Amino acid sequence: MSLSGAAACFFQFFCFPGSRSTNTPPHPLSYSCDIYSYYEIKHGAKPKKNVWIENETKDIKQKILDSKYSKKIKQNTLKIYEEVGTEVFGNSRVVEILGCSEVTATAYLKRMEKELKITVSVEGMGKGKYKFSV
């Protein structure tokens, strides 16, 4: 992780007391300093966990499980979702995950985009690139 400006100065001064040139006593946070300590000092509270990501994941999985497709198709679609996560993927990645033909992979991509509406096309990355709509 790269820090700049005031944050870098803060970490250098408080987290690494030996790197200072003055002989002042170390700050109470100097030996247990982390990004959350800095956030607490700056904002007065710890950052909140991104609960919405967990909810979106549950929604997508539930949408797959509630679909009208066979058990095998649901399992394969969940496998694709769990393997890919938030990255951009295409036909070749689905072939790699499922070990199926390109025609079958294309059928899964169409099914996820047009019928289940859980993926969206990504522009600027070339034709046939998708990501899960989180």
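Every read-out reported here was derived from the displayed coordinates using simple, explicitly stated rules and does not represent laboratory data. Not measured: the values here are computed from a predicted model. FYI the Cβ positions are ideal-geometry reconstructions off the backbone, even for glycines, and counts take in every protein chain you see.
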Using 0.36 nm times the number of residues separating E87 and A107, minus their current alpha carbon distance, what extension gain do you get? 5.2 nm
Rounded to two decimals, what is the ratio between the C-alpha radius of gyration of segment 79-134 and 2.2 N^0.38 Å? 1.00
Quick one: D66, D59, fewest Cβ neighbours within 10 Å first, how do they rank? D66, D59
